[in-house]
Amino acid sequence: MNTIKPTTSLSYLNATGLIPYGMTNDYMFRIILEKNNYVLKGLICSLLSLKPEEVVSVEIQNPILLNEAVDDKEFILDIKVLLNNSAVINLEMQMAYQLNWKERSLSYLCRVFDQLSHGHLYGDIKPAIHIGFLNFDPVSSEHPEFYSSYRLLNEKTYIPYSDKFILRVVNLRQIDSATDEDRANRIDYWARLFTATTWEEIKMLAKNNEFIASASQSLYESNADEITREKCRARENYICLERTLAEQEKRLAEQEAELTNKTAALAEQKAALADKDKIIEKLKKQLAEIQSAE
């Protein structure tokens with residue numbers, strides 16, 4: 001497979017050093033997939049193990065508004081994609097550790113699954129898949145996976161209840177744990193593209209992959225655009241502030257838990273002292289009765 005030749009005079013092939021804003025920046029992630037449908041198609045093919053010829057259309061249902069405030073808490077993080085008019089896929093880039101990620105991802109998936117308008121049949125519901133690109137272990141750090149998939153199953157027989165409600169995770173910290181199937185689908189290539197920090201890494205990845213090459217060129221052009229850089233910077237600043245607040249809330253919660261534990265321990269000590277006082281009083285009474293009897 002030959003590498004795509006950039007159509008502009010400015011190319012990632014001539015770039016060196018650090019990448020100002022990579023695709024782990026959720027705004028950059030969104031803008032590239034929105035502007036470059038070819039890259040979006042390639043990514044979907046890898047994630048769903050599809051051949052390019054099997055993908056007739058991929059359409060983003062919730063595009064970014066150019067005047068949208070990317071530092072706002074309500075900024076839309078997920079990318080809602082309609083595949084072949086027959087399935088809805090939600091993509092999310094999430095680098096900051098989220099204690100509530102499980103609940104939030106389920107909420108996203110439920111919203112995507114709830115597609116029916118009044119008068120439509122339940123059988124018309126399209127399969128819904130939420131795929132999160134994370135920088136942390138969402139389930140268990142003891143059994144980490146690179147690309148994991150979850151669905152509704154019977155707890156006893158493990159027979160799937162439905163193939164229309166699926167949640168998947170690409171753990172960007174576990175690229176080296178990619179299976180043979182993951183590597184065959186080049187999911188590890190996409191993960192390395194997303195986490196690349198230098199143009200040298202990008203060029204190595206793009207050598208023999210047209211989709212990665214096209215994404216690399218879009219990444220270069222987006223980094224050259226002043227408005228895009230400003231929005232990426234604003235997004236990073238907001239996430240940094242959000243992370244700081246989250247850390248402060250976590251410390252406060254830990255302090256409150258510690259205070260609660262100390263209060264409980266103190267209450268137990270007081271109860272124990274009260275019991276001892278009762279025992280002492282009882283012994284004093286018995287002693288007084290003995291002395292009185294003498």
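Test of understanding: extend the Cα→C-beta vector of LYS282 to 7 Å, then name every residue of the range 231-275 with backbone N under 15 Å from that spot. Only 272-275 pass the distance filter. Would you work out which of LEU48, HIS120, THR195 lies farthest towards the positive end of the dipole of the range 23-195, given +1 charges on the beta-carbon of Lys and Arg and -1 on that of Asp and Glu, about the Cα centre? Positive-most Cα among the choices belongs to HIS120. Among 13-21, 246-254, the peptide with the highest mean count of other Cβ atoms within 10 Å heads the list, and the full ranking is 13-21, 246-254. The count of lysine pairs in the range 23-195 whose Cα atoms are under 19 Å apart, excluding pairs fewer than 8 places apart on the same chain, comes to 10. What do you get for the angle between helix 101-113 and the principal long axis of the chain? Use alpha-carbon atoms, 0 to 90 degrees, nearest ten. Long axis of 101-113 versus the principal axis of the chain: about 50 degrees. Highest average first, the peptides 234-240, 33-39, 267-273 ordered by how many other beta carbon atoms sit within 10 Å of their residues are 33-39, 234-240, 267-273.
Applying a 10 Å radius around every beta-carbon, put 158-171, 80-93 in order of their mean neighbour count, most first. It would help to have the intermediate numbers written out before the result.
Details: 158-171: 16.3, 80-93: 19.3.
The densest-packed peptide leads the list: 80-93, 158-171.
Computed about the Cα centre, the dipole magnitude for the chain is approximately 160 debye when only Lys and Arg (+1) and Asp and Glu (-1) carry charge, each at its Cβ. Seen against the Cα atoms of the chain and their longest principal axis, helix 26-35 is set at about 30 degrees. Beta bridges assigned by DSSP with both partners in the range 126-179 are antiparallel in approximately 45 percent of cases. Just to verify a number: FRET efficiency for GLU201 and GLU249, C-beta to C-beta distance, R0 = 35 Å, to 0.05? FRET efficiency, GLU201 to GLU249: 0.50. When only Cα pairs below 8 angstrom with a gap of at least 6 residues are kept, the range 23-195 shows a relative contact order of 19 percent. Between LEU152 and GLU258, take the C-beta separation as r, use R0 = 45 Å, and let me know the FRET efficiency to the nearest 0.05. Working from the Cβ atoms, E equals 0.70.
Measuring between their Cα centroids, the range 174-226 and the range 108-132 lie 31 Å from each other.
All of the numbers you see were taken from the coordinates with simple rules; none came from a lab. Quantities reported herein were computed from a predicted structural model and do not represent experimental measurements. Reconstructed Cβ throughout: ideal geometry from the backbone, glycine too, with neighbour counts over all protein chains shown.
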